[in-house]
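The values are calculated or read from the model by the stated rules, or taken from the named source; none is laboratory data. None of these values were measured; they are calculated from a predicted model. Cβ coordinates were reconstructed from backbone atoms using ideal geometry, including for glycine residues, and neighbour counts include every protein chain displayed. Ligands, DNA and RNA are excluded from the accessible area calculation, which covers all protein heavy atoms including side chains. Shrake-Rupley method; radii C 1.70, N 1.55, O 1.52, S 1.80 Å.
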Amino acid sequence: MKFCYLNLDKIFYSNRKILLIMKFNFIFIFLFILNARAECSLENITLSQQNVSLEKVFKEIEIQSGYEFLYNSALIKQATALSINVKDVSLEGVLNLSFRDQPLTYIIEEKKIVVKESNVLQLSQPALVKGEITDDKGEPLFGVTVSIKGTTKAVKTNESGLFSIEANSGDVLIFSSIGFLTQQLTYSSQTVLKIILQTDDTTMEEVVVVGYSAKKQSELSSSVTVVGEQELQKGVTSGDLGTMLQGKVPGLVVSNASGHPQRAANIVIRGVGSIGAGYSPLYVVDGIIGGSADPSDISSITVLKDAAATGLYGSRAANGVIVITTKSGQSGRTKINYAGSVGISEHQQGNLSMMNSRELYENRKIAGLNYYNDQVGLENPAFIGKNFDEYFENTVPSSVLNTDSYWPTLLTRTGYLNKHHLSISGGGQQTTFYLGGNVYSEQGTLVGEKFNSLNLRGNVKHQISEKLAVSWRVNTGFQKYPNDPQSGQEAVTVQYSTNMPWDPIYEADGSTPYNPYKSGPWYGNNKANYFYDSEHYNDLSKELNFNTDLQLDYQITDWLSFSTSNRWSFDGSDRSQLLDKYHFQADFDDGRLSQNTSYTNTLLSSNLLKINHTLGDNNFSAILGHEYNYNKASNMGATGVDIPIGLDVLNATGSPQSVSGGRTETDFLSYFGQIDYNYLNRYFLVGSVRRDASSLFGVNNKWSTFYSAGASWIINKENFLKDVSWIDLLKARLSYGTTGNANIAPYLSLGTYAFDIDNTYNGVSGARPARLANPDLTWETAYTTNVGLELSVFNRIKLELDFYNRDNKDLLQDVPLSAASGFPSQQRNVGSVRNRGIDVNLTTVNLQGDFRWETNFNVNVNKNKVLALNQGQDIADGTMRISEGRPLRFLYMKDWAGVDPQTGDPQWVRWEDIDGNIIHGADKKEPASILKTNDYNQASNLFVGSAYPDFTGGIRNDFSYKNLSLSILCNFVSGQTINFAQRTHIDDDGTVLSKNQMNPHKDWVRWEKPGDIATHPRLVLGGNLNSNQPSSRYLEDASYFRIQNVTLNYTFSTFFPGLSVYARVDNLAVFTNYSGSDPDVNIESPVTGQDKWGANYGATRKVIFGVNLNL
Amino acid sequence: MFLALTGCELEYSPADELSNEQITESPDLLGNITNGIYSRLRESKYDKSRHFLQELPGDELAWCKTSGDHLSNSYTYNHLVNSSACLQFWQQAYYGIYQANRVIESVDDNASEEILQLKGESLFLRALMHYDLVRIFSRPYSQNPEQNLGVMIKDNTDGNNLPARSTVKQTYDFIVSDLLQAAALMTEDKSNVFASKEVAWALLARIYLYMEQNDKAIEYADKVINSGRYELVKTADLGRYPTLSPENNPETIFAIKRLPSENLGKSGIGSLYTREGWGEIFVSKTFLQLIYKNSNDQRIKFIDPDFVYLDGKKVPDPTEESGYKVNKREGYSKYFNLKYTFQDGIALLSSPVVLRLAEMYLIKAEAFAKIPAQQTNAIAMVNIIRIRAGLSGSQLFTNSDLKGYNSILEVVLDERRLELAWEGHRAFDLFRNNLPLDRSFTNNEGWSGQKKILPTADRIIPYIPETEITLNPKLKQNP
């Protein structure tokens, strides 16, 4: 089988190939259309006859359809003349019209139409009842059971929601489907029924888009969680999807939801199994890997967690898959939706409180006194005859108290946000469309932080013929935000906590920013005054992303279809940084301007052959697929120096300083197949195989095969349970499979020489060995087992339990090397990591009726363990260490042994062997003795604790009374550990004079006199024996419970139908004992989340008012 | 067929990289790899760490603050096993050594002169990096070199070969052998920002001095002096020394070239020393006392006092060596030093000098001072340097008038201090001569370091980075 896909890259490079491909595509599309037209001339009929005999109509139908009429000519004479006017109508439709008022009826047998008398006798005979079943939005419903009460007779609706069943007058028809309220109807004589089923929220049955196909949740053998549009929009207002998913999906841990307006949150599904290949899940938008969508345009999100679900995405699904389906139009009335919200945000400082001028002075004075007394005690001649006040006034003049700059307040402000989304959707019989546009702007609570975005989406689907449909989707987004150009010590988040309250912000005139570089006192370590510097820089990033999909679906026969989806994505970014000649980072260059642009082109073609077949009670479906993915990224940058004030283009710079530019290319090729089978819609089996190759890997190991198998059993359909009416659903699931992870940089298998700007010398290009070659580099593979149970009872309680075990093997690791090897590290496949855990998702309807109360509770317990590493060797990773038998993120550092009650000295744990030599945790030896030492360098490095939480989860309570609803979303994390590294600077026991200090947390005790049992050593100016060096002293339990969101909504039903208004508060409260600003840090990097220099920019509190209008 | 049509490759080579085969088959590209070794020298992680790890333990400057990169631990002798500055320097040096080994291994002895020159340069760079490592991480050669540990000698590209630390003697012997071979292979006179045989001789002269092979030190210093390639800059130009780019400076033997486009600005070496940068490190009181003894000493021009002005005029102050009131910070008078600034007039740009001719005279002076029969020659060498500094008459030493110094060696060492100030020599000069270092100039407030550092103290050298011991357990930690 050969598939077609557009390869735009080649179009750029080879004209000859363009022609070939265009030809190829053209022929392909043409053949499809041709085929489709031939089909429709066989089936559909066009008639325009006025007042003619029925016989004449039959003749015409015979010609057009190829069917033959059989009838008694005496009988036909009873027929009355008729007028008929139809265009492209099905045979059955024309026949129904023709026989409508006749005393006759018909039966189709093979290619013959038998005409019979519709006599009295027939009334007692069953009539063929036809009908269409839709939901309340007019969407046809597939798989609705239509049964006749008291009989075993039952049929199901097809994809178009149509059914036909034989019924007698007076029979009671029952229409039932999971997720909808069951309806009954007493049949009289109608031949065509139009049934509208009302959704039944209590059973929560949804059609789940699982990537390459869509299934009903009850039919799934895999562990998935669906977040529908409404649920997604409930809760936090953000432009970031991760932030909006927080607390809604069991097993999905969203962390570091920063207060930065544009910062994306980290998403981890069921724990991290990879060391070097990342933990981000794979995103699939509208059936195609990659792409992007604004949260406002999303109609549903499906989180795929086990191998049966992710298997088909095998190659890159080891971290789970998030499937996003964007909104589409429905035939019928054009719908307009407007959603708008405005709000304000407040900066959150949590338990962190910095000292003011007086507090810092008093703190340093105690430290100074202790130092003074020590020196006098040591009989230091410089202190003899000098009193303390004199000494301290010389060290810290009391005039510092004349200034009290409280930087945490000065550097923050009230933020605001503004979001408007407008969409129009609708369509006719053949064409449907959805157009959505969104503008979002947010001013952050830290000075200078801003974010603006614009997003436009257009989804169009056109049914070219009954068999062929074309879909075209375009999504484009634009984002603009300023960067903080003062990284490192001068960043705003650093100034927030370390700038000194003794340093003035403005000159005496109160409005001219104080320049910390001018002669005069500046006590702060970093000579940075945001208010001075901000007048001399401009640093702006702009990002544009654009993706467009062309999809063709062709129904070859009723059981076989072909679908090709082709996407081109373009992502571009542009950053311009101007520092003028008064800015401290560019004064030596007379001002500096840097501009960088980068863009990425991605092409993806996915081609599927889908098979659906039913044989009696056996239902089969299968997919055969082929996928190709090509990615090319390029960038270019230039820097010029000596730029006049007021200008900001490179042309205006006096001299060029540097240029840079690069390009990378990667591709993936995949073949895959999947078979689904079910018997009686009760027993389900699914299996898939996928074979993948990628340019990322070494010549010896480019290809790999992934597979999965799953089974499920709807137990309550069995005879022994089917009469237990209170069980709505009881289902067991089991799956096993392998998935891959290829989330590494390109070229890592090649041992090449790199030319780079950093490698030049004296203006001549230079090369350095880029890395050690690894021709065996290959896919990282996850082996996942999932056992699940779903139970729904009384239409009110639904419980989902999943137990999983995922072993990631052949881990892609950047293994650190001794410097003697010539390289910092090498990318290898070594080791394995296990994640084992339980997901629980419980939804209960506590109260029904006018006052309704629903609760959703989800929790995930995940245990992470490193099973094997490169020949058992640990991997040192800063203050963490990866080691066999321990969780992946395990803190490894000097272990704090408390404060010596006699001296107030800091103490750390020292392990010694039998000979009194120091040993470390990594030596994997049992200590002969465990001692305490006050010498930091003589303390052992030890494994001090896992960073991972014991469990995480969310609770949502929804209350509604008539048109009023209230939703409260909370999330919680228990047992996670943060290395609050910033305390080495702001809780330093007197080490330096030039950084502000935090006020002690409520549980802290400072040592003051012998006998004190304290958490904090004696304050000494100049430092107390390295007490502030990194150690487990600064590890904190960062468990928390957060009221993430409270929303009050009112929907108008009479005054202005379609209008709803709401008020919501994000991040209402956090309950935690953590001493920092926000305990929600990236648990995969618990150190960088709380950088030693800077304060964490935690989530802000937002108060938002919004309207939603449907027309 | 379809795959061919769409060009599915599954193989891409990096746009900015070349394969080993492409490189080693081309002499031009071998030049690029050698250039890549030099580029390692100018990386901040090498160059800046090297400079401060050598300079901060000395007595020529005073630092009013602490730094987060652990450099200030070298200043206070309060070393940490996990010092980021030490780790960065250690790693960069061995990466550079590995690069040099790549070139050395790929050139056989029958290669053309041009290629052998590249091999010679690589041998020099390998020796220089081993020397920088052993100088910083190991005890002086004068202290039990056959027992004390040097550094890992890495002379091959086998990534699995992780050596233990050789002794100090073995390390020095290896460096000497490399330098001798390098000098023999190099025939081209590239500019003084590249290695040549004279550069190798100059480093040999210094190393022989460190090894106390004084005759050899004199021999190699003479080879450099007599090569005629270098001359001392004129007295009038001395104060402008750092402002000349190395190629325009006749005295510089070897410097690490930094172009204006490679200016690190506030992150560079000079930034901590000058008012244009962070300006946190000042000239020490004891050094000021020494240099201001002769107010016409041209080397005072390397000092830039931050004078207090009143009505546009300096304010006289007899307590200051400069004679005028100077702004203070944390109790230290702000005398900046200008040795790492204003190359080509660009404020924070400098190409640090590794070897220069004046040092050759001072190497000879010290070697003569240590050979009892030739001590009298030492004063002549010192006077060459003093005359060049603008001193004359009674400001010069004679063998009969040591102007209060107790020995000729003391005279030589103070002259080295004056001439080579802030060039990374002072602490080594004292400790290798078994002399203590005096830190009495540090303020009492906030200073937790020692006032007198003995040459026998464990902590005159930092710790071997703990991370590297983890990756190569054969490495033994310094006591």
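So what J values fall out for region A:1046-1059 if you push phi through Karplus, 6.51 cos²θ - 1.76 cosθ + 1.60 with θ = phi - 60°, rounded to Hz, Gly and Pro as x?
Couplings: 10, 10, 10, 10, 10, 10, 7, 10, 10, 4, 8, x, x, 9 Hz.
Please calculate the 1.4 Å probe accessible area of B:E219, with all protein chains present, and give it to the nearest 10 Å².
In the full protein context, B:E219 sits at about 90 Å².
Using r as the Cβ-Cβ distance of B:S267 and A:L650, and R0 as 35 Å, what FRET efficiency do you calculate, to the nearest 0.05? Mind dumping the intermediate values first?
On the way: r = 23 Å, r/R0 = 0.65.
Taking R0 as 35 Å, the efficiency between B:S267 and A:L650 is 0.95.
For an R0 of 30 angstrom, estimate the FRET efficiency from the Cβ-Cβ distance between A:T855 and A:V439 and round to the nearest 0.05. Intermediate results must be reported in sequence, preceding the final value.
Working: r = 35 Å, r/R0 = 1.17.
Plugging the Cβ-Cβ distance into 1/(1 + (r/R0)^6) gives 0.30.
Amide H neighbours of B:I153 under 5 Å, at least 5 residues apart or on other chains, H built in the peptide plane: list them.
Under 5 Å from the amide H of B:I153: B:S166.
According to the Cα gyration tensor, what semi-axes, each the square root of 5 times an eigenvalue, does the equivalent ellipsoid of region A:362-474 have, listed from largest to smallest in whole Å? Mind dumping the intermediate values first?
On the way: eigenvalues 1115, 52, 11 Å².
Here the semi-axes work out to 75, 16, 7 Å.
What does the charge count around A:S53 come to, taking other residues whose C-beta lies under 10 Å from its C-beta (Lys +1, Arg +1, Asp -1, Glu -1)? Display every interim value, and only then the final one.
Details: positive: A:K56, A:K59, A:K77; negative: A:E55.
Overall, the nearby charge balance is +2.
Taking loop as defined by DSSP and a crowding limit of 15 other beta carbons within 10 Å, which chymotrypsin sites (Phe, Trp or Tyr not before Pro) in region A:500-568 fit?
Details: sites: A:W502, A:Y506, A:Y514, A:Y517, A:W522, A:Y523, A:Y530, A:F531, A:Y532, A:Y537, A:F546, A:Y554, A:W559, A:F562, A:W568; in loops: A:W502, A:Y514, A:Y517, A:W522, A:Y523, A:W559.
Those satisfying the criteria are A:W559.
State the extension gain, in nm to one decimal, for the chain segment bounded by A:A382 and A:I366, taking 0.36 nm per residue of separation less the distance between their alpha-carbons.
Details: separation 16, 0.36 × 16 = 5.76 nm, distance 1.96 nm.
Between A:A382 and A:I366, full extension yields an extra 3.8 nm.
Between A:R691 and A:K924, 0.36 nm times their residue separation minus their Cα-Cα distance comes to what? Intermediate results must be reported in sequence, preceding the final value.
Working: separation 233, 0.36 × 233 = 83.88 nm, distance 4.12 nm.
So the extension gain works out to 79.8 nm.
Taking Cα centroids, how far is region A:290-306 from region B:344-393 in Å?
Using only Cα atoms to place each centre, the spacing works out to 72 Å.
With every protein chain in place, what's the accessible area of A:T752 (1.4 Å probe, Å², nearest 10)?
10
If a paramagnetic tag sat 7 Å from the Cα of A:K1002 along the Cα-Cβ line, which residues of region A:325-365 would have the backbone N under 17 Å from that point?
A:349-354, by backbone N distance to the label point.
Please give the net charge around B:S74, taking every other residue with its beta carbon less than 11 angstrom from that of B:S74, where Lys and Arg add +1 and Asp and Glu add -1. Walk me through the numbers before you get to the answer.
Working: positive: B:R459; negative: B:E55, B:D69.
Residues close to B:S74 contribute a combined charge of -1.
What nm value, rounded to one decimal, do you get for the distance between B:E113 and A:K156 when each label is placed 7 Å out toward the C-beta?
8.9
Cα axis of helix B:214-226 to longest principal axis of chain B: angle in degrees, 0 to 90, nearest 10?
80
How would you classify region A:299-417 from its alpha-carbon gyration tensor, with a ≥ b ≥ c the square roots of the eigenvalues: rounded for a/c under 1.5, else prolate if a/b is greater than b/c, otherwise oblate? Spell out each step's value before the answer.
Details: a/c = 8.20, a/b = 2.52, b/c = 3.26.
It is oblate, given that a/c is not under 1.5 and a/b is not larger than b/c.
For chain A, with every protein chain kept in place, what is the accessible area per residue (1.4 Å probe, Å²)?
Working: 46200 Å² over 1111 residues.
Per-residue accessible area for chain A comes out at 42 Å².
Peptide B:257-264: average number of partner chain Cβ atoms within 10 Å per residue? Write out the running numbers ahead of the final one.
Values: counts 3, 2, 6, 5, 10, 8, 5, 1.
Mean partner shielding for this stretch: 5.
Relative contact order of region A:750-836, please, whole-number percent, based on alpha carbon pairs below 8 angstrom and at least 6 residues apart. Let's see the in-between values first.
On the way: 160 pairs, mean separation 21.0, N = 87.
Worked out over region A:750-836, it gives 24 percent.
Order A:V460, A:V659, A:V845 by their accessible area, 1.4 angstrom probe, all chains in place, largest first.
On the way: A:V460 55, A:V659 105, A:V845 10 Å².
Result, largest first: A:V659, A:V460, A:V845.
Specify the angular offset, from 0 to 90 degrees and rounded to the nearest 10, of the alpha carbon long axis of helix A:54-65 from the longest principal axis of the alpha carbons in chain A.
50
Set the bar at 24 Å for Cα to Cα. Now go through A:K995/B:K301; A:K153/A:K717; A:K932/B:K65; B:K169/B:K190; A:K542/A:K632; A:K305/A:K731 and name every pair that lies beyond it.
On the way: A:K995/B:K301 35 Å; A:K153/A:K717 17 Å; A:K932/B:K65 30 Å; B:K169/B:K190 32 Å; A:K542/A:K632 20 Å; A:K305/A:K731 17 Å.
Cα-Cα > 24 Å for A:K995/B:K301; A:K932/B:K65; B:K169/B:K190; rest within.
How large, in percent, is the carbon and sulfur part of the accessible surface of region A:557-685 at a probe radius of 1.4 Å?
Looking at region A:557-685 in its full context, I get 55 percent from C and S.
Quick one: if the Förster radius is 25 Å, what FRET efficiency do A:N963 and A:V474 give, using the C-beta to C-beta distance and rounding to 0.05? Mind showing how you got there, number by number?
On the way: r = 37 Å, r/R0 = 1.47.
The computed FRET efficiency comes out at 0.10.
When you look at the Cβ of every residue in B:29-37, what mean number of other chain Cβ atoms sits within 10 Å? Don't skip to the answer; put the middle values down first.
Details: counts 4, 1, 4, 10, 6, 3, 10, 13, 5.
What the average comes to for B:29-37 is 6.
Skip the ligands, DNA and RNA, and give the accessible area per residue of region B:85-125 with a 1.4 Å probe, whole Å².
Accessible surface, normalised per residue, equals 29 Å².
Based on alpha-carbon centroids, what's the gap between region A:392-461 and region B:77-154 in Å, whole number please?
The two parts, judged by their Cα centres, are 52 Å apart.
For chain B, find the longest principal axis of its Cα atoms and tell me its angle to the long axis of helix B:375-388, 0 to 90°, nearest 10.
It works out to around 90 degrees.
Within 10 Å of each Cβ in peptide A:674-684, how many partner chain Cβ atoms are there on average? Round it to a whole number, please. Intermediate values should be presented prior to the final figure.
On the way: counts 0, 0, 0, 0, 0, 0, 0, 0, 0, 0, 0.
Counting other chains' Cβ atoms within 10 Å and averaging over A:674-684 gives 0.
Can you run phi through the Karplus equation (6.51, -1.76, 1.60; θ = phi - 60°) for region A:370-378 and list ³J(HN,Hα) in whole Hz, with x for Gly and Pro?
Whole-Hz 3J(HN,Hα) from phi for region A:370-378: 4, 5, 4, 4, 4, 5, 4, x, 7.
For chain A, report the % of Cα-Cα distances exceeding 42 Å. Kindly include the intermediate steps, with their values, before the conclusion.
Working: 317219 of 616605 pairs.
Of all Cα-Cα pairs in chain A, 51 percent lie more than 42 Å apart.
What share of all Cα pairs of region B:273-386, in percent, falls into each consecutive 5 Å distance bin?
Spelled out per bin, shortest first, that is 2, 10, 15, 17, 17, 15, 10, 8, 4, 2, 0, 0.
Using the Karplus equation 6.51 cos²θ - 1.76 cosθ + 1.60 (θ = phi - 60°), what ³J(HN,Hα) coupling, rounded to whole Hz, does each residue of region A:733-747 give in order, writing x for Gly and Pro?
Values per residue, Gly and Pro as x: 10, 8, 8, 8, x, 10, 9, x, 9, 10, 7, 10, 5, x, 6 Hz.
Report which residues of region A:726-762 become buried by 10 Å² or more of accessible surface when going from the isolated chain to the complete set of protein chains (1.4 Å probe; DNA, RNA and ligands ignored).
By number: A:Y747, A:L750, A:G751, A:T752, A:Y753, A:A754, A:F755, A:D758, A:N759, A:T760, A:Y761, A:N762.
On the accessible surface of region B:177-325, probed at 1.4 Å, how many percent belong to carbon and sulfur atoms?
On the way: 2900 of 5810 Å².
Using a 1.4 Å probe with all protein chains present, region B:177-325 comes out at 50 percent carbon and sulfur.
So which residues in region A:653-669 end up with at least 20 square angstrom less accessible surface once the other protein chains are there, compared with the chain by itself, probe 1.4 angstrom?
Flagged in region A:653-669: A:Q657, A:R663, A:E665, A:D667, A:L669.
What's the local net charge at A:T752, with K and R +1, D and E -1, over the other residues with C-beta under 9 Å away? Can you show the working numbers first?
Details: positive: A:R771; negative: B:E17.
Around A:T752, the charge tally is 0.
Only protein chains counted, 1.4 angstrom probe. Which residues of region B:93-133 are at least 10 Å² less accessible in the assembly than when their chain is isolated?
Listed by number, the residues meeting the 10 Å² cut-off are B:Y94, B:Y95, B:Y98, B:Q99, B:R102.
Assuming 1.567 mPa s and 4 °C, estimate D for region B:163-211 with Stokes-Einstein, Rh taken as the Kirkwood radius over Cα pairs, in µm²/s.
Values: Rh = 11.6 Å.
D = 111 µm²/s.
On the accessible surface of region A:380-484, probed at 1.4 Å, how many percent belong to carbon and sulfur atoms?
Roughly 55 percent of what the probe reaches on region A:380-484 is carbon or sulfur.
Between A:Q674, A:T498, A:N862, whose Cα lies farthest towards the positive end of the dipole of chain A when Lys and Arg beta carbons carry +1 and Asp and Glu beta carbons carry -1, centred on the Cα centre?
Result: A:Q674, furthest along the dipole toward the positive end.
Counting only the backbone N, which residues of region B:206-222 are under 20 Å from the spot 7 Å out from the Cα of B:D189 toward its beta-carbon?
From region B:206-222, the list is B:220-222.
Chymotrypsin sites (Phe, Trp or Tyr not before Pro), restricted to region A:625-722: which are DSSP loop and have at most 12 other Cβ atoms within 10 Å?
Numbers: sites: A:Y628, A:Y630, A:F668, A:Y671, A:F672, A:Y677, A:Y679, A:Y683, A:F684, A:F697, A:W703, A:F706, A:Y707, A:W713, A:F720; in loops: A:F697.
Answer by residue number: there is no such site.
Between A:K335 and A:V207, what length in nm is gained on full extension when 0.36 nm per residue of separation is reduced by their alpha carbon distance? Numbers along the way, then the final one.
Values: separation 128, 0.36 × 128 = 46.08 nm, distance 2.25 nm.
Taking 0.36 nm per residue and subtracting the Cα distance, the gain is 43.8 nm.
Which order do peptides B:403-415, A:587-599, B:304-316 fall in by mean Cβ count within 10 Å, highest first?
Details: B:403-415: 16.5, A:587-599: 20.5, B:304-316: 13.0.
Packing order, densest peptide first, comes out as A:587-599, B:403-415, B:304-316.
Once label points are set 7 Å from the Cα along Cα→Cβ at both A:S658 and A:Q430, what is their separation, rounded to one decimal in nm?
5.9
Taking the highest mean first, how do the peptides A:80-88, A:852-860, B:357-365, A:1024-1032 order by number of other beta carbon atoms within 10 angstrom per residue? Display every interim value, and only then the final one.
Working: A:80-88: 13.2, A:852-860: 18.7, B:357-365: 25.6, A:1024-1032: 23.4.
Ranking, from highest mean packing down: B:357-365, A:1024-1032, A:852-860, A:80-88.
Using a 1.4 Å probe and counting only protein heavy atoms, how much accessible surface gets buried when A and B come together, both sides summed, in Å² to the nearest 100? If you can, show how the numbers build up before the last one.
On the way: alone 49720 and 20180 Å², together 62810 Å².
The contact between B and A buries close to 7100 Å².
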